[in-house]
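Below: one structure, written as structure tokens.
All of the numbers you see were taken from the coordinates with simple rules; none came from a lab. Keep in mind the model is a prediction, meaning the values are calculated, not measured. Note that we place each Cβ from the backbone using ideal geometry, even for glycine, and neighbour counts take in every protein chain shown.
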Amino acid sequence: MSCTNALVGQTVVRRTDRRTFLKATGGIAVLALAGCTGGSEPAADTTVDVTLSDFKIALSDGSVSAGRIQFDITNDGPSLHELVVLKTEIMAGELPTDEDGAVDEEGAEGIELVDEVEDIEDDATATLTVDLEPGHYALICNLPSHYELGMFIDFTVT
Ligand SMILES: [Cu+2]
């Protein structure tokens with residue numbers, strides 16, 4: 001039996017469909033876990049709640065210990081949003097932007113893209129699990145103009 005991580009990693013589930021989703025996958029997940037003897041992703045050390053809205057990002061905890069961090073993301077809308085995790089010494093509100101007001105996630109000096117979840121719809125939830133070493137991070141939404149409208153927050157890993 002293969003070891004399927006049905007409930008780990010990146011999942012995007014509409015909040016309104018969540019009850020149905022869990023009901024539908026619950027049985028499968030139990031079977032998968034029963035057949036797992038190793039090789040599965042380790043559980044997160046820390047969970048941080050992330051709330052996206054027009055136009056800000058709120059965290060349940062702005063500083064956590066290094067390790068496997070699970071971001072439980074909720075988009076309170078009303079717009080589509082995303083969550084981008086950047087490792088950088090630059091303060092979250094001072095990242096360089098191009099003429100479109102977007103942060104260069106992958107080319108800018110001193111900014112390292114860790115991971116991201118795109119296209120989180122209004123009223124939807126998503127999960128992003130990443131291994132983070134100590135340092136300063138910036139969490140942003142990089143949809144056009146959303147960063148400049150205030151969708152950034154500093155995050156520290158100790
Ligand atoms: Cu946004």
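What are the semi-axes of the equivalent ellipsoid for segment 43-157, taken as the square roots of 5 times the Cα gyration tensor eigenvalues, largest first, in whole Å?
Working: eigenvalues 78, 66, 24 Å².
Its equivalent ellipsoid spans semi-axes of 20, 18, 11 Å.
How high is the FRET efficiency between D72 and D98 when r is their beta carbon distance and R₀ equals 35 Å, given to the nearest 0.05? Intermediate results must be reported in sequence, preceding the final value.
Working: r = 31 Å, r/R0 = 0.87.
For D72 and D98, the calculated efficiency is 0.70.
Sticking with the crude label model, points 7 Å out along Cα→Cβ, report the distance from V130 to E109 in nm, one decimal please.
2.3
Can you tell which of A44, H146, G93 lies farthest toward the positive end of the dipole of segment 43-157, using +1 and -1 charges on the Cβ of basic and acidic side chains (Lys, Arg; Asp, Glu)?
Sorting the options by dipole projection puts first A44.
Modelled label-to-label distance, E41 and M91, 7 Å Cα→beta-carbon offset: nm?
Using points 7 Å along Cα→Cβ, the separation is 3.3 nm.
Kindly list the residues of segment 75-95 that lie in the label zone of S145, defined by a backbone N under 16 Å from the point 7 Å along the Cα-to-C-beta vector.
78-81
How far is the Cα center of segment 89-158 from the Cα center of segment 43-78, in Å?
For segment 89-158 versus segment 43-78, the Cα centre distance is 12 Å.
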